[in-house]
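This report refers to the structure that appears directly beneath it.
Values quoted throughout were computed directly from the atomic coordinates according to the rules given, and no laboratory measurement underlies them. Only a predicted model underlies this, so the values are computations on that prediction, with no experimental measurement involved. With ideal geometry, Cβ positions are generated from the backbone for all residues, glycine too; neighbour counts draw on all protein chains shown.
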Amino acid sequence: MQTSPQQDWIQDLVVYQIYPRSFQDSNGDGIGDLPGVLQHMDYLEQLGINAIWLSPVYRSPNDDNGYDISGYQEIMEEFGTMADWEAFRDQCKARGIRILMDLVVNHSSDEHPWFEESRSSRDNPKSDYYIWHDPAPAGGPPNNWASVFGGSAWEFEPRRGQYYLHIFSKKQPDLNWDCPALREEIFSMMDWWAEKGVDGFRVDAISYLEKPQGFPDSPLPPQPDGYSLFNNWVAGSEGTHRYIRMMHDRVFGPRGLVTVGEVSLNRPEEVVDYVDPDRREFTMAIPFVPPVVEIATWSPEKLVADAARDWALLGERGWWARFLSNHDKPRQVSLYGSDKAFWEPSAKLLGLLIHTLPGTPFLYQGEELGMTNLAFSSIDQYNDPEAKNRYRQLLLEGTDPAEALRTIQLESRDNARTPMQWDDSPNAGFTTGTPWLQVNPNYTRINAAAQERDPASILHFYRALIALRKEHPALSRGDFAQVATGSPTLLAYRRTHARETLLTVLNFSSQPAELPQGLVPQDAQALLSSYNREGGWQGTSTLRPYEATLFLLPAAQA
Ligand code: GLC
Ligand code: CA
C-alpha cells in the first residue's frame, strides 16, 4: 500500500466527521455551532481520533445545510465567528488533531457575490464565473438535464435572458471551471485556508467540474418529472481530472495537504483515476457508486468482496477512505446491522469491520454510540431537499403515500442529521432550545453519558479499536487477504505487516454461525470482540449473532 513517502502519517489517520449543525448547540437557538464543538474536544481526544472532517461552516443561506456557500472565507453566522474557528483550530493543534475542511467548489450559493454579479448582465466581469446558456430554440431550458434535487437543472435569469446550470438545488449554481479567473479565485481561497493552518480538504461533489461541450441531452431515461439525470453520465471526464490536477499542483501538492475527493463513479475501477499517486489528484476518495443508498444491493459478502477488489486495484498504488456512514447516508447500524435485538453487537461488528480493513477509517458523529435511524411520521418533518424531492418523484410514479414515506424513512439523509445524543436530559443535551431537527426519542437509552459510565459500551469499544490501530501496524499498513469461510455471511480476512498477522472474523448475521475447523488457530489471541460485554471470544465453534472478533495470530502462523 502506498501513499507518497513524505506522507507516511496519512496511514495513521482516524478521521471523525462533525456535522456542526447537529453536534452541539451552545447558545440555545437549536442549531449546533463552533463553540459547541469546543465543548467536546476532550471527548474527541479520548476517543483517540487524530483528524476531524468538519462539514461546511462557511457563510451560507443553508438551502443545503452549508453545502451552498455564499462566503468561502467567512464563518456562517449561526455557527459563530472566525475567532471561534481559530479557537477550534488551536484546540485541534494542541491535541494533535488534524483539520480537514469541507470544500464545496462544484457550485456556490446563488447568494454568493460572484453569482449576484454574474447574473446581473451578460457583460459584467464575472459573467462567465457560472454556466450560462441561451434558451432552447423553441424556448425553455437548453436541454433535458435534471437536477439531483428534482426538476430541470436549468433556471432562467430574466436579466440575462439566459439559463444557469445547477446540478443540485437552484440555489446552488455550478461554477464554471473553464474560466481561468474563477479557477484562480478558488485556488487562492484554498491557499488562504492552508495558510490558516488546515491540514487538508474533503472535496465535495468533485466529479462533475467539466460539462460536455455543446450541452447535449442526457441519454439516461427521464425521471417521473420528465427530466433526465446527467451528473453520473458526465462524471470523471478527462477535463475534470485536469482541473483536479491543477488543484493538486497549485495547492495540495506543494503544501503537503491530505485530500479526500467525494467522487461519483460509474464503475468502481474508476477510483484509481482519482487516487493513483502518479496522477497527482487526491490522497483518497469517498466514492459514490450508484445506487448511493445501497439498501437493496448490499450484502456482507459484497462488502468484503469490494474490499478485496479495492485491494487488488489499489494495493500497490493508492489509499482508501473507509466508511459506512456520513451525513448523506442512513445510520449504519440501522442499514447494515440490526437496530433492534442485536443493536449492540452489530454496531460493534460494523466498527470492527471498518477499523480492520485497509485504509483510513472515517467515523461519523454518533456512530461511536450506535445512533440509529429515526422514522418521522410525516414528510413535513423531514428537512432534507433530497428527501422531499424523492418523495415527490415516488408519488408521481404512482407509489402510495404510506409506502413512499416508508422509503424515505429508510433512505433519508436526515437519519444521520438528527442531533447528537449526549445525555438523557431534555433534547439529549444537544440544546436548551428547540432543535432544528427532532432528536431521536431513543436518546434516553442511547447517549454518550450513559456509555461513558459503562465499560462494555459501544463508545468504549470504539476507543479500544482506535487504540489497537496504534498498537498494531498491521491494521494501518498491513497487506490484505480474504479467507474463505464457505458462507456468504461469515467473513474473514487477514492483515499482515512485518512479522505480525491479524485475523478478523465476523458473523454478519442475526443467526448463529458454525466456524469452519482451523479458521481460528487454537493459540490465536483474541484482541477485541463484539461480545465483550458477555466476556468476549468463547473459543467454541459456534459464533453468536453478529459476533465479531479480532485475533492476533501466533508468529508461526504468520
Ligand atoms: C455532496 C454533499 C451533500 C450535498 C451535495 C451538494 O454530495 O455530501 O451533502 O448535498 O454534495 O453539495
Ligand atoms: Ca447555536
- For the stretch 426-441, in residue order, the Karplus 3J(HN,Hα) values (coefficients 6.51, -1.76, 1.60; θ = phi - 60°; whole Hz; Gly and Pro = x) are x, 6, 6, x, 6, 8, 8, x, 9, x, 5, 9, 4, 6, 5, x
- Message: In Å, what Kirkwood hydrodynamic radius results for the stretch 143-192 from the alpha-carbon pair distances?
- Response: 12.3
- Query: Which FRET efficiency value, to the nearest 0.05, do you get for Asp424 and Ser299 by plugging their Cβ-Cβ distance into 1/(1 + (r/R0)^6) with R0 = 41 Å?
  - Reply: 0.70
- Note: the stretch 60-194 at 25 °C, 0.890 mPa s; Kirkwood Rh on alpha carbon pairs; Stokes-Einstein D in µm²/s works out to 151
- Over the stretch 118-245, the quotient of the Cα radius of gyration and 2.2 N^0.38 Å is 1.13
- Message: Loop only by DSSP, 16 or fewer other Cβ within 10 Å of the Cβ. Give me the chymotrypsin sites (Phe, Trp or Tyr not before Pro) in the stretch 296-349 that pass, ordered by residue number.
- Response: Trp298
- Note on the structure: Amide H proximity to Gly318 below 5 Å, modelled H, separation 5+ or other chain, gives Gln2
- Query: DSSP loop trypsin sites (Lys or Arg not before Pro) in the stretch 396-455 with at most 13 other Cβ atoms within 10 Å of their Cβ, which ones?
  - Reply: Arg445
- Query: Rule-of-thumb check for the stretch 319-455: C-alpha Rg over 2.2 N^0.38 Å?
  - Reply: 1.11
- Per the Cauchy relation, a quarter of the hull surface: what is the mean projected area of the convex hull of the alpha carbons in the stretch 201-303, in nm²? 8.2
- Message: For the chain, take the longest principal axis of its alpha carbons; what is the angle in degrees between that and the long axis of helix 401-411, to the nearest 10 within 0 to 90?
- Response: 70
- Note on the structure: Interchain or sequence-distant (5+) residues whose placed amide H lies within less than 5 Å of the amide H of Gly200 are Ile99, Met101, Val258
- Item | the stretch 45-103: radius of gyration over Cα atoms, expressed as a fraction of 2.2 N^0.38 Å | 1.19
- Query: To one decimal place, what Kirkwood hydrodynamic radius in Å is obtained for the stretch 301-367 from all pairs of distinct Cα atoms?
  - Reply: 12.7
- Does anyone have the angle between helix 458-471 and the longest principal axis of the chain? Alpha-carbon axes, 0 to 90°, nearest 10? 80
- Item | Where Rh is the Kirkwood radius over Cα pairs, Rg/Rh for the stretch 114-162 | 0.99
- Per principal axis, descending, Cα span of the stretch 10-63 in whole Å: 36, 22, 12
- All Cα pairs of the stretch 433-478, percent lying beyond 13 Å: 67
- Item | Cα radius of gyration and Dmax for the stretch 382-519 (Å) | 21.4, 60
- Message: On a full-extension model of 0.36 nm per residue, what is the gain between Glu111 and Gln511, subtracting their alpha-carbon distance, rounded to one decimal in nm?
- Response: 138.7 nm
- Between the stretch 15-80 and the stretch 168-207, how many Å separate their Cα centres? 19
- Message: Based on the alpha carbons, how large is the Rg to Rh ratio for the stretch 458-547 when Rh follows Kirkwood?
- Response: 0.95
- If you look at just the Cα atoms of the stretch 379-458, how large are its Rg and its Dmax in Å? 15.9, 50
- Task: Evaluate the Debye formula for the stretch 339-389 with equal point scatterers sitting on the alpha carbons, no solvent, and hand back log10 of I(q)/I(0) at q = 0.13, 0.25 Å⁻¹, in q order, two decimals.
- Result: -0.48, -0.94
- Please report, to one decimal in angstroms, the Kirkwood hydrodynamic radius of the stretch 499-558 built from all distinct Cα-Cα pairs. 11.8
- If you stretched the chain out fully between Gln482 and Val272, how much longer would it get, using 0.36 nm times the residue separation minus the C-alpha to C-alpha distance? 73.5 nm
- Query: If you wrap the stretch 205-264's Cα atoms in a convex hull and average its projection over all directions, what's the area in nm²?
  - Reply: 4.9
- Difference of contour (0.36 nm per residue) and Cα-Cα distance, Ala449 to Gln525: 24.2 nm
- Between beta-carbons, use under 9 Å as the cut-off and find the net charge around Arg413, counting Lys and Arg +1, Asp and Glu -1. -3
- Glu74's amide H: which non-local residues (gap 5+, or another chain) put their own amide H closer than 5 Å, with H modeled 1.01 Å from N in plane and none for Pro or chain starts? Arg59
- Query: Lys/Arg Cβ at +1, Asp/Glu Cβ at -1, dipole of the chain taken about the Cα centre: which of Thr496, Gln511, Phe230 is farthest positive-ward?
  - Reply: Thr496
- Message: Translational diffusion coefficient of the chain at 37 °C, 0.692 mPa s, Stokes-Einstein with Kirkwood Rh over Cα pairs, in µm²/s as a whole number.
- Response: 134
- Query: Over the chain, what is the percentage of antiparallel beta bridges among all DSSP beta bridges, to the nearest 5?
  - Reply: 55
